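The values are calculated or read from the model by the stated rules, or taken from the named source; none is laboratory data. Owing to the predicted nature of the structure, the values given are computational and were not obtained by experimental measurement. Positions of Cβ are backbone-derived with ideal geometry, glycine not excepted, and every protein chain shown enters the neighbour counts. Just so you know, the surface numbers come from the protein's heavy atoms only, side chains and all, with ligands and any DNA or RNA stripped out. Shrake-Rupley method; radii C 1.70, N 1.55, O 1.52, S 1.80 Å.
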Amino acid sequence: MVNWRRLIRAGFKVKQGIAKPSSPRKSSKRLSGPVAMADPCAALPDVPAKRAREEEGGGDGMIVVENGCGKVANAAAIITHEETAPAPGTGRANLSRIMPGWFSELSPMWSGEAHSFEVKKVVFEGKSDFQDVVVFDSVSYGRVLVLDGVIQLTQRDECAYQEMIAHLPLCSIENPAKVLVVGGGDGGVLREISRHESVQQIDICEIDKMVVDVAKEYFPELAVGFSNPRVNLHIADGVAFVRDAAPGTYDAIIVDSSDPVGPAQQLFEKPFFESMVKALRPGGVVCTQAESPWLHMPIIKDIVAACRQTFKGSVNYAWTTVPSYPSGVIGFMLCSTEGPDVNFRNPVVSLDKLEMITIGEGGSEKRVPLPLKYYNSDMHKAAFSLPMFAKRELEHLLTP
């Protein structure tokens, strides 16, 4: 079965049974590092135009794509040049995509480059109601989680993302007690929130139960976050969950989302931001994934503009380095509601309080050691220092 959503995200418009090239998708999470590639047009096989016309209606299940190179090809051939190839949008489709035994991410957004991982073993493949899920062991980055053909995390560098998206907001306010996580089904953000002893309630709203189950089975070092007895797991739509939350419920909301394409687009728009403002207490904080300044500055500026219209406290942009993400960099929007002042640039939580996490079963709980790997107070402060090209674009839009 053809994954139409993946074709659209890969840069093709679907009309009357034919996929045609569109403008590049706005964003594709988890891609970095140049790999020399041949001319993609030269690599595509020709399919007779007569055959393409005859099969426009999809009579035999073949999906015809007009690739913008003056050629017509089977959609599967875009990936592997074989009509029996896995459907686009699956982790399997990206295995051996450039070199046998390697997983590679390609996107029209950054033509001519890719990030590739040598694969030791594929340990899981599945398809939920929402997405394709693949887990494989890589040679140099450990175990890797892939959703719809896009790398979400690796064991080697997940700490840089999980620690920063959690501690940048939580270390900026005194004694957060109630925290909501939207997305984050791998459990990594929960693990990091569990370091904060003041937190009494952690709600997580993840739409895809398969992600949670796969994380518990194949990424126990992240899924340990679910063992905190203060965690309440809700398998539901995050937009609706936040919209329906009682006013002033949370001290902090952390949005660990995919890119602003498809269903996740709602998580980057003003109505969702307004719902978060309602769900937060005065002086409450939000941290949301906010793309790479190297690749997505127009998107970032749109997000910042929406935040300035919605959040009446602080509005700031920070970033961290994650080698397996687009350009090796990922950003975060940090905002606060009207109320007590929040200075995101200066942490108020002592680092020594974050070297342990809370776990437990059956209502009991205990603190166990778990040293930080990436976050510290200096990294917190430095995260808000922008390179000049980004500073010129964003500084006038952010609060001091």
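Note on the stretch 298-335: among residues that are assigned to a helix (DSSP H, G or I) and touching a Pro at 6+ places or on another chain (Cβ under 7 Å), the one that is surrounded by the most Cβ atoms within 10 Å (Cβ to Cβ) is 300. Within the stretch 352-393, the set of residues being open to solvent by 60 Å² or more (accessible area, probe 1.4 Å), of a type in the set (A, V, I, L, M, F, W, C) and part of a helix (DSSP H, G or I) comprises 379, 388, 389. When the residues of the stretch 88-113 are filtered to those that are over 16 Å from residue 144 (Cα atoms) and among the aliphatic types (A, V, I, L, M), the one that is modelled with the highest pLDDT is 99. One residue alone among 165, 173 is crowded, with 17+ Cβ neighbours inside 10 Å, out of contact with any Leu (no Cβ under 9 Å at 6 or more places or on another chain) and part of a loop (DSSP other than H, G, I, E, B), and that residue is 173.
Residue-level analysis places residue 221 outside the set of residues that are of a type in the set (D, E, K, R), over 19 Å from residue 161 (Cβ atoms) and modelled with pLDDT of 95 or more. Scanning the stretch 161-185 for residues that are touching a Phe, Trp or Tyr at 6+ places or on another chain (Cβ under 6 Å) and among the acidic types (Asp, Glu) turns up just one, 163. In this structure, is residue 306 of a type outside the set (Ser, Thr, Tyr) and more than 26 Å from residue 378 (Cα to Cα)? It is true that residue 306 is of a type outside the set (Ser, Thr, Tyr) and more than 26 Å from residue 378 (Cα to Cα). When the stretch 255-271 is limited to residues that are farther than 19 Å from residue 146 by Cα and surrounded by fewer than 21 Cβ atoms within 10 Å (Cβ to Cβ), the one that is modelled with the lowest pLDDT turns out to be 265. Please determine whether any residue of the stretch 308-319 is farther than 30 Å from residue 155 by Cα, charged (D, E, K, R) and touching a residue at least 24 places away in the same chain (Cβ under 8 Å). Checked against the condition, which is being farther than 30 Å from residue 155 by Cα, charged (D, E, K, R) and touching a residue at least 24 places away in the same chain (Cβ under 8 Å), the stretch 308-319 yields at least one hit.
For the stretch 277-297, residues that are within 19 Å of the chain's Cα centre (by Cα) and closer than 21 Å to residue 190 by Cβ total 5. Checked against (1) touching a residue at least 40 places away in the same chain (Cβ under 8 Å); (2) outside any loop (DSSP other than H, G, I, E, B); (3) more than 23 Å from residue 257 (Cα to Cα), residue 341 passes all but condition (2).
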